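First up is the structure itself, then whatever we jot down about it.
The values are calculated or read from the model by the stated rules, or taken from the named source; none is laboratory data. Not measured: the values here are computed from a predicted model. With ideal geometry, Cβ positions are generated from the backbone for all residues, glycine too; neighbour counts draw on all protein chains shown. The area values use the complete protein model at the heavy-atom level, side chains included, leaving out ligands, DNA and RNA. Shrake-Rupley method; radii C 1.70, N 1.55, O 1.52, S 1.80 Å.
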Amino acid sequence: IFEAYGVVQYAEIAGASIYAAGLFSKDKNIRVLGRMLVQSLTYSGLSAMFIRMIAGRKRPPLTEDPFNFIGFTTDNSFQSFPSGHVTVAFAFSTVLAEYIDTPLSRIGFYGLAGLAATERIINNQHWFSDVVLGALVGIAGAVHVINENDKRNNGNNTSNSITIIPSFNRLTLKYSLN
């Protein structure tokens, strides 16, 4: 039952719905929460997908060897490390828990994410290290979004930025010091 908490489509729909509710109700706080959820899921999800493709780790049903890495692949059977479900669950939970900012919200949301991680191991879909890295990637993406939002709110948006500008025959990398 906790697998659904880590499904990216459900989490993105929830984030977009919260954003839309804030937009239509003209409530900036609700809109910002929705934006932060979608950003967190996007940053964390893209990071997890990149790591999975590079690592190429076999899922538990395919091998009993947790050190069976084949390297770069796009085959989902070899994309166990890190867990995408756990990345989504922790990215979503971290934004909600820290936005609401109460002990009960932290216990509830991190507890749900932890149960989603446990479910992935029990159902033999991931190794323990898969869920640990998934949790770290999800938390890191969410904390980054939260910190950037705090800077924006405090008028202290002095972070450095990297921009990738694609063109027909090249990519330009632009690094800005603010």
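A few comments on the model shown:
- Every listed requirement among (1) open to solvent by 60 Å² or more (accessible area, probe 1.4 Å); (2) under 17 Å from Leu62 (Cβ atoms); (3) not basic (Lys, Arg) is met by Asp130 save one, (1).
- With respect to the conditions (1) assigned to a helix (DSSP H, G or I); (2) within 22 Å of Leu46 (Cα to Cα), Ile107 falls short on a single one, namely (2).
- Residues within segment 72-87 that are at pLDDT 95 or above and open to solvent by 10 Å² or more (accessible area, probe 1.4 Å), tallied: 0
- When we screen Ser17, Ser93 for residues that are of a type in the set (Gly, Ala, Ser), open to solvent by 60 Å² or more (accessible area, probe 1.4 Å) and either farther than 24 Å from Gly111 by Cα or assigned to a helix (DSSP H, G or I) (or both), the only hit is Ser17.
- Residue list for segment 28-74, filter: free of Cβ contacts under 8 Å to residues at least 12 places away in the same chain, of a type outside the set (S, T, N, Q) and either in contact with a helix residue (DSSP H, G or I) (Cβ under 8 Å, 6 or more places away or on another chain) or not in a helix (DSSP H, G or I) (or both): Lys28, Glu64, Asp65, Phe67
- When Asn123 is tested against the conditions (1) open to solvent by less than 60 Å² (accessible area, probe 1.4 Å); (2) over 14 Å from Ser40 (Cβ atoms), the lone failure is (1).
- Residue tally, condition under 29 Å from Glu119 (Cα atoms), without any contact (Cβ under 8 Å) to a residue 60 or more places away in the chain and not aromatic (Phe, Trp, Tyr), over segment 7-23: 6
- Just so you know, in segment 2-14 the residues that are among the hydrophobic types (A, V, I, L, M, F, W, C), in a helix (DSSP H, G or I) and within 13 Å of Leu41 (Cα to Cα) include one that is least open to solvent (accessible area, probe 1.4 Å), and it is Ala11.
- Hits in segment 76-111 (condition: of a type in the set (Asp, Glu) and free of Cβ contacts under 8 Å to residues at least 12 places away in the same chain): Asp101
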